[in-house]
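J.: Okay, handing you the structure first.
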Amino acid sequence: MSGKSWQEELASLVEDTGIVYTVEVDGEMVPMKLVERERELLAAGEDGGSVEEESLKEQVEGFVKAWGELVVEFGKGCVDILRQNLLTDECYVVHKLRKPWARVSGKLRFLNEFLPEDRDPAHAWPVVFFVLLLALSVLNVNMVRDDSAPLVKRVLIHPPSASRVLLPDGRYLAYLERGVPVKQARYSVISPHAFLSSRLAGVPGIKDSLLQEFGIHLLTYDLPGFGESDPHPRRNLNSSALDMLYLASAVGIVDKFWVLSYSSGSIHGWAALKYSPDRIAGAVFLAPFVNPYDSSMTREERSQTWGQWISRRRLMYVLARRSPKLLSYFYRRTFLSGKHGPISRWLSFSPGSKDQELINKPMFEQFWCRDVEESIRQGKAKPFIEEAALQVSDWGFKLSDLQLQRKCRGGGFLQWLKSIYQPSECELTGFLGPIHIWQGTDDRMVPISTLSYLSRVLPGATLHKLPDEGHFSYYYLCHECHRQIFSTLFGEPRGALHSQETQEDMLEGESSESLPASASS
């Protein structure tokens, strides 16, 4: 027997007419559907079942789905409105853009070949552009600056602080003197700086007390266009040697002086030995740069040198050799960008373990940043391009020319007959003074293979191989290293010259000049 009332049986025989049937419950008229729903819940409870309430997550999902459906319907309505009002042939915008759009779409139709065959381009490309915009939006959100990340340090331009001397061609050359006064110096040392450096580098981290102890007058200067020095209109290695001589005379160096050069600054040291050997007492080279295009290098030496550089550094040398103007693009994005950056990227090399340990020290970073800021204070790429081009261009001489050798005048059969009766006139050529070279075995900028090449072309040079040392580790901010270098060059420290010693030296010089040649020899 059915448990339904006669009202329910009647409602089941006809369609829903919208009439709400009510029943009396506790003196109130209640819709029949609510009564039926309550009976179903009670029945479910009696059967042991339970009706779970809708969770917050489900409510949110339902809400989002409902809003999504509303947005879709709203979008369809907007599209219909646009089609009916704007995308008709009578519309002014469509009339003006139809032909340009047809030309552009015709040129870009080849991109449809990259779509799947079963995809309509009209539907596929909007999806592609939407995904692209979404990806760019996500990247933009992720690229928001993180306050915990270190801020990029900006390059500062400091007030002028250099002494300057006027050269014969009207240029000013900026310089810096350290150590004992030039008139009391036992040894005068001139140091041309390396690439991306300045007069402030000198011997990096050298202590004034050590210079006083050995009686050294240290003179450093800015290369043309670097620091506070004026640029040179036609700079080459010969003009570089002349600048060094003019500067030495301007500050009062009358005797021979030592040349101490480091890394790429060595090209100016080599030039001084070639073009003004009579004024040079001795030469010191630390991690010296040699021209990788030098024709006196063997194929094996050239291969070893190029093979130890990273690809970016090789590219810089190739551009400097063939298209130096293109270097401006890289310089403007690194050290001329107005912001400090990693030294490995700026100098295009991968530091070794000792170099990396030194680079990470705050003292080195402070020294390096200040030196770079002084080097690029003029903000011009041309001096750096000229310096890079000088490194790999034809120097006008070979390093083998600096070797001490005996050269006799004349030649041929007649000269040989003449030499039988009287000795031929010969003279010594090359550099007569001592040459000392220090090189680290873990140097990633100047490969250790350079040392074997120098030992072959300069057999008279004294070579100092430094095990496990890098390009910076032995020279920068190393007091004991500086002491070892000066002790090797000058022996025991004797301090500055006193006035009595200076007068005795002058009297000895005058007496030696007054003696005849036979007596003085």
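The values are calculated or read from the model by the stated rules, or taken from the named source; none is laboratory data. Since we're looking at a predicted model, the values are computed, not measured. Every residue, glycine as well, gets a Cβ built from its backbone with ideal geometry; the counts of neighbours run over all protein chains shown. Quick note on the areas: whole protein, heavy atoms, side chains included, nothing else; ligands and nucleic acids left out. Shrake-Rupley method; radii C 1.70, N 1.55, O 1.52, S 1.80 Å.
J.: I'd like the carbon and sulfur percentage of the solvent accessible area for region 271-343, probe radius 1.4 Å, heavy atoms only, ligands and nucleic acids excluded.
T.: 51 percent
J.: Sort 304-317, 227-240, 285-298, 126-139 for me by packing, meaning the mean count of neighbouring Cβ atoms within 10 Å per residue, highest on top.
T.: 285-298, 227-240, 304-317, 126-139
J.: Additional query: Name all residues of region 276-317 having a backbone nitrogen under 19 Å from the label point set 7 Å from the Cα of ARG494 along its Cα→Cβ direction, giving them as ranges.
T.: Residues 281-283 qualify, since their backbone N sits under 19 Å from the label point.
J.: Region 239-285 to region 326-384: how many Å between their Cα centroids?
T.: Each part reduced to its Cα centre gives a spacing of 26 Å.
J.: Across region 261-403, how many lysine pairs separated by 8 or more positions, or lying on different chains, have Cα atoms within less than 15 Å?
T.: The number of close lysine pairs in region 261-403 is 4.
J.: Here is a further query. If packing is taken as the mean number of other Cβ atoms within 10 Å per residue, what is the order of 243-251, 338-346, 382-390, highest first?
T.: The packing order, highest mean first, is 382-390, 243-251, 338-346.
J.: Between region 288-324 and region 61-84, how many Å separate their Cα centres?
T.: Between the Cα centres of region 288-324 and region 61-84 lies a distance of 66 Å.
J.: Fully extended, how many nm does the chain gain between ARG332 and LYS361 (0.36 nm per residue separation, minus their Cα-Cα distance)?
T.: Taking ARG332 through LYS361 to full extension adds about 7.8 nm, to one decimal.
J.: Oh, and also: Quick one: pull the percent of accessible area on region 167-244 belonging to carbon and sulfur, 1.4 Å probe, ligands and nucleic acids left out.
T.: Carbon-and-sulfur percentage of accessible area, whole number: 50.
J.: Sticking with this structure for a sec: Place the peptides 210-223, 361-374 in order of packing, highest mean first, counting for every residue the other Cβ atoms within 10 Å and averaging per peptide.
T.: 210-223, 361-374
J.: Here is a further query. Projected onto the charge dipole of region 264-346 (+1 at Lys/Arg Cβ, -1 at Asp/Glu Cβ, origin at the Cα centre), which of ALA320, SER264, THR334 gives the Cα projection farthest towards the positive end?
T.: THR334
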